[in-house]
Each structure stands twice: as structure tokens, then as C-alpha cells.
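The values are calculated or read from the model by the stated rules, or taken from the named source; none is laboratory data. Here the structure is a predicted model, which means the values were calculated and not measured. All Cβ positions, even for glycine, are placed from backbone atoms using ideal geometry, and neighbour counts span all protein chains on display. Ligands, DNA and RNA are excluded from the accessible area calculation, which covers all protein heavy atoms including side chains. Shrake-Rupley method; radii C 1.70, N 1.55, O 1.52, S 1.80 Å.
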Amino acid sequence: PFLSYRHFRTRAVDRQNTSSTGLYGFDHLKSPKGFQRFVDEAIERSSELIDYISGMPSSAEIIRAMDEISDTVCSVVDSAELCRQTHPARGFVEEANKASMKINVYLHFLNTNHTLYNAVKKAEQDGHLLTEEARRAALHLRIDFEKGGIHLPSGKLDQVNQLNMDAHKLCREYGENIINDPGYVDIFPASRIPRQIQHLLKPIYRLTSGVSKESLGSYEDEQEKGFRIITEPRTLFSVLQLTPDEQVRKMAYLKGNSVPHANHEVLDKLINSRHELAQFVRKFEASLGGKCPQLSGKLMGCQSYAEFVMQLNMASSPEVVVSFLQEMSNMVKEKADEEFNTIRNLKRDVCGQRCVDLEPWDEAYYTTMMKSSAYNLDSA
């Protein structure tokens, strides 16, 4: 619940004196090692709150304390995730990775904590003592606990926990593969790459044979400069947006959208793991020869993972989501077709050809060109 439930009270950060704070306004994050203390203090404070909740205070206090646990833990989760995905310094990224792994182990403890689950159920039963906002929080917290299988017998809960842990590891592996193995394309000569993005790329060189000035007819090796495009998302977008050479855009686009190959297997495993998690109760009941009374009306036992994650969302089922998307598609289709034709016609004007299709690697480049022409913008 502490990943899917988001606290309804957000910690305020003083932005007037940011020079004395670390990353994202947190004092601990002035240096990479600060992530260690950031995690430790979050766990210490959350443990204090768990002890407080175990004494079964009033329902309002239970929800307030649960909210503070969520706020405390999610501050670490969100900061670590943002840092490891975006920070340019390797030291910060490595410490954020460590923090992320440690806090996720603690999240597993929180999400399977029966003391917290029983307290939330008590608070929900005393709903008349709560504000509407607190009642809604109690409901969502209880259901999120049950999505994690906390209502199952201990042996079955262990299996659900393992499925959740497997899914989490696969999600992390998927993201790490993208970061560690983004793929690359080598482009020669260097003149094919516009100057305004050359600083983003790695210069490379290859030997070529050329005619000697001293003796026509003899040959000597010469170095030709080029650039290696690492097709990670930010660099790839700059290349697609600003490179006039269509073949360069095409090669970069195809490579960037086909790697890392290891993720094909990771994605298959993740889909299977999530599907098994969604169907777990259904399979458990079937093994008992029918409905299990103590689980009647509980979550899980869904036909698909999509149905599982839609529980209690504004869109209550996958069918509602699909219907909404289809309706939105119909609403915007006419305008989208109009914009597509405008961009395609611009490409035809630029290329001087009568029958030119707009390719996936063309959209960013010609959209940027069209915006620059219409609004006098300088994308560089």
C-alpha cells in the first residue's frame, strides 16, 4: 500500500533558502553518502510510528500515523528513483540505487505487516468517527494491503510476496538494461551530424585510404572523423529533432527502439509474473475445490493484471479504460489527421518529392521545423 497509496498530506519544503539544502530540498542529500542516512532515518521514524499504531490509538490517529509513514517512506522512494534515473554524477546514482534497494526491502516489511493491516481495518470500521478524506484513505489502504495478499493464509502469503518481489526485481532489471545497454550507431563522416548536437555525441575515427599529395597514384591511410550516437532517450530525441539527414535519423530511431534485446525475455517474465499474481486467489480456491469462505469478496482472483490494478480506480475496469481511449481517439482523430497531413506536406515541400510518406523518425524533425517557422523558435 505504501507504493500505490499516496499520502493526502504532502511535506512542505522551504524553497526560499535552497542553497543550504540538498537534492529536492532534503538536507541529507547534499552529498551521495547522504542517501544512507536519509533511508535510515525514514526507517527509524516509520518504526516509531508502527509502535504507536500497535497501541491502537483512535481511528483518526491511526490514519494520521499511516499517512506519515507513507509520506516518510515515499520521500525516499521518489527521491532515490528520480536521482538514479536523471542525476549526471555517477556517485549520486550509485548511492540512490543502494537507497532504493534498501527502502524497497523495508516496504516489503510494511506491506505484509498485520499490525498495520488490523489497525487500518479497525479505523475503517469506525468510519463514522473519521472525515470523508480519512475514510477514503482507510478504504484504499485496506484494499492495497489485500492486493498484496495479506488476507491469505501464511503459506499462500509467502507465495504472493515472492511474486511481488519477482515482479519488482524484473521491473528494476528492465530499467537497468535500458540504462546500461542503450545501443549505439556510428555515423561517418562527422558532417552528417549538425553542430548544435555534436557535443552530445562521442567523436570516433576510422582509417580510410586516400591519394598521396606527393605521389599521385600511391595511397596512404587517413583518419576520418565521425560520431557515435548512444541511443539513450535524451540523446536520441535530440538527434531525431535536429538532424536533417533522414538516414541518420532512421538508423538512430531503429536502434533506439530495438534495444536492449535482453528486455524481451525480461518483459515476458514480468507479464507472466503479474498475470499469476492477479489470478492467485482464483487458483487457490480451485485447489480447495471451490470458494474459500474467508476469502469471499476479497481482492485478487482477477482474470488479468489489468483488472487487478483497476480495483478502486476512477476507471473501475479494463473495459472502461478501453472505452474511454476509443472515445478519446474518435474525438481527436480529425484534428490528428489534419496535423499529420500538414507535417507530411511540409516534408514533401522540403524534400521536393511528390509521393513521400511520413516515417516514425520524421515526426520530431518536421514538427520542430514547423514550430520554428510558425513561432520563430530556435530549438537549439
### Query
When Rg is the radius of gyration of the Cα atoms in the stretch 23-148 and Rh is its Kirkwood radius, what does Rg/Rh come to?
1.05
### Message
Under 5 Å between amide hydrogens, which residues at least 5 positions from residue 149 or on another chain qualify, with H placed 1.01 Å from N in the peptide plane?
### Response
none
#### Entry: Selection from 108, 152, 134, by position along the positive dipole direction of the stretch 67-211 (Cβ)
108
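How much of the accessible area of the stretch 23-148, probe 1.4 Å, is carbon plus sulfur, in whole percent? The partial results should precede the final answer.
On the way: 2990 of 5500 Å².
Exposed carbon and sulfur together represent 54 percent of the surface.
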### Task
Sticking with the crude label model, points 7 Å out along Cα→Cβ, report the distance from residue 118 to residue 317 in nm, one decimal please.
3.7
### Query
Which links in 347/371; 147/169; 30/169; 33/202; 147/269; 335/371 stretch past 25 Å when you go from one Cα to the other?
30/169; 33/202
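Per residue, how many Å² of accessible area does the stretch 23-148 show with a 1.4 Å probe?
Values: 5500 Å² over 126 residues.
Result: 44 Å² per residue.
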### Task
Go through 174, 194, 184 and say which Cα lies farthest out towards the positive end of the charge dipole of the stretch 168-207; charges sit on Cβ, +1 for Lys and Arg, -1 for Asp and Glu.
194
### Query
Given Cα pairs under 8 Å that are at least 6 residues apart, what percent is the relative contact order of the stretch 23-148?
30
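Given +1 on the Cβ of Lys and Arg, -1 on the Cβ of Asp and Glu, and no further charges, what dipole in debye does the stretch 60-212 carry about its Cα centre, rounded to the nearest 20? Mind dumping the intermediate values first?
Values: 18 positive and 20 negative charges, 135 e Å.
For the stretch 60-212, the charge dipole is close to 640 debye.
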